[in-house]
Amino acid sequence: MRPRIVVTRPIPAPALDLLAPAGELWVSAEDRPLSVTELHEAVAGADAVVTLLHDRVDDAFLDAAGPALRVVANVAVGVDNVDVDACRARGVVATNTPGVLTEATADLALALILMATRRLGEAERLVRRGERWSWSMTFHLGRGLQGATLGVVGLGQIGTATARRARALGMEIVYTGRRRASPEVEQELGARFTTLDDLLRTSDVVSLHCPLTPETHHLVDADALRAMKPSAFLVNTTRGPVVDEGALVGALRAGAIAGAGLDVFEREPEVHPGLLELEQVVLLPHLGSATIETREAMGLLAAENVVAVLRGHAPPTPVT
Ligand code: GLV
């Protein structure tokens with residue numbers, strides 16, 4: 001029997017073209033997240049499932065899929081939506097899409113750094129409102145980045161690519177994380193490894209690039225925000241729950257930090273109403289990897305993972 005391949009939401013055509021000859025392909029007709037019931041119905045009897053970051057892959061999902069399931073290919077680098085241990089316990093291979101979205105996501109982190117420090121969202125809203133303005137020596141001043149310190153939380157692929165861009169702007173780099181970077185990367189970036197506490201106290205911009213795990217849930221809480229300089233900015237392009245959104249609203253209202261640039265939220269697509277009222281916050285709808293080229297590459301990599309596992313080969317990018 002041909003393997004049943006389930007794709008929970010439309011993905012770019014080249015990925016579907018790669019999957020089609022590998023089995024019986026079922027692709028959700030809806031370009032929206034499936035409800036849990038719909039998702040569980042869709043995956044029943046699947047040999048392979050291509051999931052999106054909003055699909056929860058847990059024991060209930062694996063039960064619903066049944067014993068034929070061999071691979072779950074998540075179209076994202078983050079796997080916080082996938083219970084990787086539960087997959088492993090059942091012999092299901094979990095894969096993700098690292099590498100192909102590094103540059104696009106780092107570009108977006110840089111955009112948020114610039115937007116937040118130069119107050120560009122606020123400025124654009126001012127022009128659109130048709131407000132009167134005129135150039136003056138003191139009109140709408142932001143913060144310069146030359147010589148400022150970027151604190152990178154998680155110097156993995158995306159953190160490193162963001163730090164490279166920041167170096168080009170003349171920023172100094174400090175970083176923290178589970179692992180120390182290689183001496184080559186540290187040297188290239190002139191990056192200093194430090195504790196989270198020291199990073200928070202010394203950085204002018206704190207950019208989050210760690211994965212969401214139980215350890216990093218609310219890593220940036222009220223205490224962390226209090227530790228930051230009142231002139232500092234927080235940028236988040238990883239996952240919303242790394243930041244306690246309520247505490248962030250409180251810190252911004254109190255002037256404990258100067259501003260924030262957020263591409264991700266605790267309860268997407270909802271945004272804390274307090275954030276919407278604050279001019280010093282830039283809010284983007286989870287666009288980190290949202291370029292045509294990157295989304296095509298992500299879809300293709302997920303499809304390559306599926307095809308490899310179904311053929312009995314090692315997938316290119318398993319989650320380890
Ligand atoms: C996107 O957010 C990803 O994790 O790939």
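Tabulated values for the structure
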{"quantity": "Residue in segment 298-314 that is within 15 Å of the ligand (Cβ to nearest atom) and within 30 Å of residue 144 (Cβ to Cβ) present", "calculated": "no"}
{"quantity": "Pick from segment 132-189, criterion under 18 Å from residue 120 (Cβ atoms) and of a type in the set (Lys, Arg), ranking: surrounded by the most Cβ atoms within 10 Å (Cβ to Cβ)", "calculated": "165"}
{"quantity": "Subset of segment 231-245 (residues that are surrounded by 15 or more Cβ atoms within 10 Å (Cβ to Cβ) and out of contact with any strand residue (DSSP E or B) (no Cβ under 6 Å at 6 or more places or on another chain))", "calculated": "232, 237, 239, 240, 241, 244, 245"}
{"quantity": "Listing of helices (runs of 4 or more DSSP H) fully contained in segment 34-139 that carry 3 or more residues being of a type in the set (S, T, N, Q) and either within 14 Å of the ligand (Cβ to nearest atom) or farther than 17 Å from residue 299 by Cβ (or both)", "calculated": "102-117"}
{"quantity": "Only one of 252, 234, 225, 278 that is part of a loop (DSSP other than H, G, I, E, B) and of a type in the set (A, V, I, L, M)", "calculated": "278"}
{"quantity": "Pairs where the first residue, in segment 294-307, is touching a residue at least 24 places away in the same chain (Cβ under 8 Å) and more than 21 Å from residue 106 (Cα to Cα) and the second is of a type in the set (S, T, N, Q) and surrounded by fewer than 24 Cβ atoms within 10 Å (Cβ to Cβ), C-beta under 7 Å, 6+ apart", "calculated": "305/317"}
{"quantity": "Test result for residue 88, at pLDDT 95 or above, over 21 Å from the mean Cα position of the chain (by Cα) and closer than 26 Å to residue 209 by Cα", "calculated": "yes"}
{"quantity": "Residue in segment 148-160 that is within 21 Å of residue 229 (Cα to Cα) and in a loop (DSSP other than H, G, I, E, B) present", "calculated": "yes"}
{"quantity": "Restricting segment 234-273 to residues that are acidic (Asp, Glu) and within 13 Å of the ligand (Cβ to nearest atom), the residue that is farthest from the chain's Cα centre (by Cα)", "calculated": "268"}
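The values are calculated or read from the model by the stated rules, or taken from the named source; none is laboratory data. On a predicted model such as this, the values are computed, not experimentally measured, just so you know. All Cβ positions, glycine included, derive from the backbone under ideal geometry; neighbour counts span all protein chains shown.
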